[in-house]
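Worksheet for the structure shown next.
Read the figures in this text as sums done on the coordinates, not as results from a lab. In this text, all values refer to a predicted model and were calculated from it rather than measured experimentally. Note: ideal-geometry Cβ built from the backbone for every residue, glycine included; neighbour counts use all protein chains shown.
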Ligand SMILES: Nc1ncnc2c1ncn2[C@@H]1O[C@H](COP(=O)(O)OP(=O)(O)O)[C@@H](O)[C@H]1O
Ligand SMILES: [Mg+2]
């Protein structure tokens, strides 16, 4: 993929990381000291998304325009059914806009084939769901390794990277546990490790704390903040929780298919 | 790829109950399939392994009707006939075990083992037998089953020739070829004939000959029948193989039925596997969507489903063969060879049938997963991941 803006993520930060991973700096998380301020990594112009329920059209996003800078941590709020997930799916390359243009990390989502979208997701997107969605038959480490099966990495390298990602999310001692042996908060940490293991450009989170108690939710938000601040991940998070939104640098409100 | 296969295979652990029942169901079907195929195989093996250079001559109407004794010499006189022997079906029972079935025959002792040279008997046993008017040679399977040893006195009850008949076991034979029944009871034709009077005396059941050139056995058979064309009793002569084939042709409807049944069994197995696979796919829709969201493509998901199914097939196949093989070879086969040796002298699972069964199990599972895998590949990621709220 030629549209890939990796060059500015090469330089290293010497800022101390609060994580255990700080000692053996993982190669896959090269920190950029200064993401180009003002450079939009998510750019949407006049995006409309219309679903059809039978013959009945339902316009969920209505000429929406949006620009998100690289390295931002943004929250997206709005009533149920306002189209938050739909917007997130477009940004993640899971769906195409009905009209308008969505440019994500330099890729025109509307113009890509299904196969290209799959590769785009594998390269640029880390997805975090409300309900974790881990594979129950796989251990934490194996779940985290999943995205790396699409790469040419050796199994030793895959394992190493998965372990590093789990260390970043604070699960050093849970690597061989199965999802059912973990708490909700821990499961979500595994899911986050799975979302960052392939070093994506953008983390897309759909109500990541929706199923968690206050304490676990705060831990997850802390972790996301760390990923944003220390690892310079661009994060877009849908949430109903005002406390969660507070973590973000910008909070946007979606209502009736438009941003307020 | 291998990794993906192993992950898919692990899905089978998720619902132990279902997996166990599916494997058990498929394995039972496979065992039935293997037994049916083995019946069909064993049946045709009898024809397949039959000697080509051996021909039999019997009464034209039916083999129950006897031929005059002198026919044996007439057959020997036909050019191309190397050696000929004759025998009568005796039909004996063991008085204490009347349900025990075995072939018992009064044979012409001088020539019998020349014509049936794959029935191997030691020179000492043979010599002892030839010198003993009441002597008998028995198949090693029958001897073992009855606990008969050389020197034992045995009394049999005649069914065709009534009365108690006393024999001395002089030796055992062992077949060097699978088409031969290892449970026959053979004794001197003279011993029988000497007791007969009237019409029954000096008659024989049939004549069996070895020909010098097996490729000419059909011509020689015709030649023999021509000799008796003008006599009171006409004959039918055919090679042992042709006889087996024509015998089997009489059962062709049964054989076809067995074929159909084995296909029906496979059909049931396909449904069992298909149901399990479809259920698994339906439950895992969301997981497939997650894989797709991560960047896996539809063909990965299809592979995932087929891999899980193939594993189910492999396990079912191995379990099925693992049960059928020892069962047929050690229990069922032995029982059949002992009790139905005349029809199935060799009843064992052929390795090729075992391999075929495992192959079929895998192929059926893959086939059963075809439609579910296509459905799984088509799952709409956004729909599957959507949740209300
Ligand atoms: N694939 C779809 N087909 C039809 N309607 C859909 C589809 N996806 C979402 N919708 C509808 O679009 C609206 C917005 O959905 P969503 O983006 O999930 O809202 P939110 O995440 O803000 O709760 C809802 O009314 C929903 O029913
Ligand atoms: Mg939603």
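At a threshold of 8 angstrom on Cα-Cα distance, excluding pairs fewer than six apart, so keeping six or more, what relative contact order does chain B reach in percent? It rounds to 28 percent for chain B. Mean partner shielding of peptide A:198-206, defined as the number of other chain Cβ atoms within 10 Å of each residue Cβ, is 1. Model label sites at residue A:251 and residue B:174, defined 7 Å from Cα along the beta-carbon direction, differ in position by 9.2 nm. Under 1.5 on a/c is rounded, so check that first for segment B:49-91, then, if it is not, pick prolate when a/b is larger than b/c and oblate when it is not; a ≥ b ≥ c are the square roots of the alpha carbon gyration tensor eigenvalues. Oblate, because a/c is 1.5 or more while a/b does not exceed b/c.
In this calculation the C-beta distance from residue B:3 to residue A:51 is compared with R0 = 30 Å, giving a FRET efficiency of 0.25. Put a dot 7 Å past the Cα of residue B:99, heading toward its Cβ, do the same for residue B:10, and the two dots end up 5.4 nm apart.
Cα gyration tensor of segment B:54-212, axes a ≥ b ≥ c as square roots of the eigenvalues: rounded (a/c below 1.5), prolate (a/b > b/c) or oblate?
Working: a/c = 1.71, a/b = 1.25, b/c = 1.37.
Oblate.
Going by neighbour counts of Cβ atoms within 10 Å, the residues A:55, A:119, A:215 line up, fewest first, as A:55, A:215, A:119.
Measuring between their Cα centroids, segment A:69-111 and segment B:6-47 lie 50 Å from each other.
Once the Cα atoms of helix A:114-124 and of chain A are each reduced to a long axis, what angle between those two axes, in degrees from 0 to 90 to the nearest 10, is obtained? That helix lies at roughly 50 degrees to the long axis.
Quote the convex hull volume per residue of segment A:10-259, based on C-alpha atoms, as a whole number of Å³.
Working: hull volume 33.7 nm³, N = 250.
Cα-based convex hull of segment A:10-259, divided per residue, equals 135 Å³.
What's the exposure ranking of B:187, B:344, A:231, going from fewest to most Cβ atoms within 10 Å?
Ordered by Cβ neighbours within 10 Å, fewest first: B:344, A:231, B:187.
Shown here: the protein assembly as shown, whose C-alpha atoms stretch 122, 51, 40 Å along the first, second and third principal axes, sorted largest to smallest.
In what order do A:60, A:144, B:23 fall by count of nearby beta-carbon atoms within 10 Å, going from fewest to most? Show your work: numbers first, answer last.
On the way: A:60 20, A:144 32, B:23 23.
Ordered by Cβ neighbours within 10 Å, fewest first: A:60, B:23, A:144.
The angle between the Cα long axis of helix B:252-283 and the longest principal axis of the Cα atoms of chain B comes to about 20 degrees, rounded to the nearest 10.
Residue ranges B:349-356, A:78-85, B:365-372, B:229-236 sort as B:365-372, A:78-85, B:349-356, B:229-236 when ordered by packing (mean number of other C-beta atoms within 10 Å per residue, highest first).
Cα gyration tensor of segment A:157-223, axes a ≥ b ≥ c as square roots of the eigenvalues: rounded (a/c below 1.5), prolate (a/b > b/c) or oblate? Taking the square roots of the gyration eigenvalues as a ≥ b ≥ c, segment A:157-223 is oblate. Simple spin-label estimate for residue B:323 and residue B:263 gives 2.5 nm between the two label positions (7 Å along the Cα-to-Cβ direction from each Cα). Computed extension length for residue B:48-residue B:149: 33.1 nm, one decimal, from 0.36 nm per residue of separation with the Cα-Cα distance subtracted.
The separation of segment B:286-328 from segment B:117-172, counted between C-alpha centres, amounts to 57 Å. Cα centroids of segment B:227-246 and segment A:191-227: 90 Å apart. What the Cα atoms of segment B:202-326 give is an Rg and a Dmax of 29.6, 91 Å.
Roughly how tilted is helix B:217-227, in degrees to the nearest 10 and between 0 and 90, from the longest Cα axis of chain B? It works out to around 30 degrees.
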